Each structure stands twice: as C-alpha cells, then as structure tokens.
Amino acid sequence: PVGAPKQSINCSARLIPKMARLERVDNWPILLSDYLTSVRKKPLVWGEHDCVLFSLTAASILTGIDVTCEFRGKYSNAIGAAKLMAKLFGVTSLTEAANSFGKRFDAEEVLVSFAQRGDIVEAEITLPEGGTAPALGIVDLDSRYALFVGEQGLVRYLISDCKRAWKI
C-alpha cells in the first residue's frame, strides 16, 4: 500500500513477542493522508480491507513497522476473523484483541477525548443489514471524526461516538 512500512516484524512465530512502543515516523501526516486517499472508496473485504487491517495498516504506515502480517489474508469472513483473534490472543471479542495487541506494542489506551490523528478507536457501527457491531477505526486528519471501513468505502463517525482509543 501507499507508504508501505520499511521494517517488518517477524511473523514466523505464532505470536509476535512484545516489542518497544511504536513510534511515529517524521512524515506521518503526509503518509496517513496518502493512505486514506488510496482507500477512501475501497469496500470491505474480509482479510484484506476490514476494520482490523485498516487500523493496523494505518498504524504500520505511521510507524514504519508492518504489524499486519499476522492478519492479512488469514481469514475471509467474520467467523474466520473471530477464530484468528481467539488463536492469536486467546480472546473472543474485538475489544479484548485490541487490548492484547495494544499491550504487546505498548500502545496506551487513552480517553477518547484525547485521541489524536491516526490513533486507533473503537465504536459500535451500523451494519448494512441492520443492528450494530463493534469495529476498529482511526482518527481522521481533522481530529473531529473517526474513519471506519464500510460496504462502499470509509465511513465517518464523530469522535464522540467512539467508546475506546489507543495511542499510536
């Protein structure tokens, strides 16, 4: 993808070991803008462009370290994603998986009101078939909205609609 990370973590092991805090590269605002432009109209594709991979790809671009290899192409539907979370983190919810991943990379959970551009957030998003489901997204460049993957591309929600946030 645009702004592809220069460094990759070792995904040969079942779990990636705890690493140092992810630090943003100097030109991250430009890289994030380019990435968001490239995926703005890209629809949801499980295992390729879904809430987890959208958020982790953004984190990878911001930091220059590819943290997506455990996930990309490893599932093709919501059930497969849930099974992978259980396998990798021993958890059954998206929130628990995000917390486990955050702890591994020392990504501090912060109050949503303190989330900044590019940080990962969680919200209940509206599903096309009705109802809601938890999803991960990122804080948009204007800091007022968060972006989430939708059926027809990225969808904006107010930051105040988000429930949790992790600093990248």
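The values are calculated or read from the model by the stated rules, or taken from the named source; none is laboratory data. Small disclaimer: the values here were computed from a predicted structure and weren't measured. Ideal geometry is used to build each Cβ from the backbone, glycine not excepted, and the neighbour counts take in all protein chains shown. To get the accessible areas, we keep the full protein, side chains included, count just its heavy atoms, and leave off ligands, DNA and RNA. Shrake-Rupley method; radii C 1.70, N 1.55, O 1.52, S 1.80 Å.
Below, the figures for the structure above:
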read-out	value
Within the range 119-146, considering residues that are in contact (Cβ under 8 Å) with a residue 40 or more places away in the chain and not in a strand (DSSP E or B), the one surrounded by the fewest Cβ atoms within 10 Å (Cβ to Cβ)	Leu141
Checklist (1) more than 15 Å from the chain's Cα centre (by Cα); (2) crowded, with 19+ Cβ neighbours inside 10 Å applied to Ala86, failing item	(2)
Restricting the range 40-55 to residues that are outside any loop (DSSP other than H, G, I, E, B) and open to solvent by 10 Å² or more (accessible area, probe 1.4 Å), the residue that is farthest from Trp166 (Cα to Cα)	Val45
Conditions (1) at pLDDT 95 or above; (2) among the small types (Gly, Ala, Ser); (3) open to solvent by less than 20 Å² (accessible area, probe 1.4 Å): number failed by Gly150	(1)
Residue identified as out of contact with any helix residue (DSSP H, G or I) (no Cβ under 6 Å at 6 or more places or on another chain), surrounded by fewer than 16 Cβ atoms within 10 Å (Cβ to Cβ) and at pLDDT 95 or above among Asp34, Asp26	Asp34
Residue list for the range 99-112, filter: outside any loop (DSSP other than H, G, I, E, B) and either over 27 Å from Arg144 (Cβ atoms) or in contact with a strand residue (DSSP E or B) (Cβ under 6 Å, 6 or more places away or on another chain) (or both)	Ser100, Gly102, Lys103, Arg104, Glu109, Val110, Val112
Subset tally (residues that are surrounded by 18 or more Cβ atoms within 10 Å (Cβ to Cβ) and at positive phi) for the range 56-83	1
Ile65 over 15 Å from Asp119 (Cβ atoms), of a type in the set (Val, Ile, Thr) and touching a Ser or Thr at 6+ places or on another chain (Cβ under 8 Å)	yes
Test for Val52: is it within 20 Å of Lys87 (Cα to Cα) and at pLDDT 85 or above	yes
Checklist (1) under 17 Å from Ala58 (Cα atoms); (2) surrounded by fewer than 19 Cβ atoms within 10 Å (Cβ to Cβ); (3) aromatic (Phe, Trp, Tyr) applied to Trp166, failing item	(2)
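One line per residue, one yes/no per condition, for (1) β-branched (Val, Ile, Thr); (2) surrounded by 13 or more Cβ atoms within 10 Å (Cβ to Cβ):
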| residue | (1), (2) |
| --- | --- |
| Gly90 | no, no |
| Leu94 | no, yes |
| Asn99 | no, yes |
| Arg104 | no, yes |
| Val110 | yes, yes |
| Ser113 | no, no |
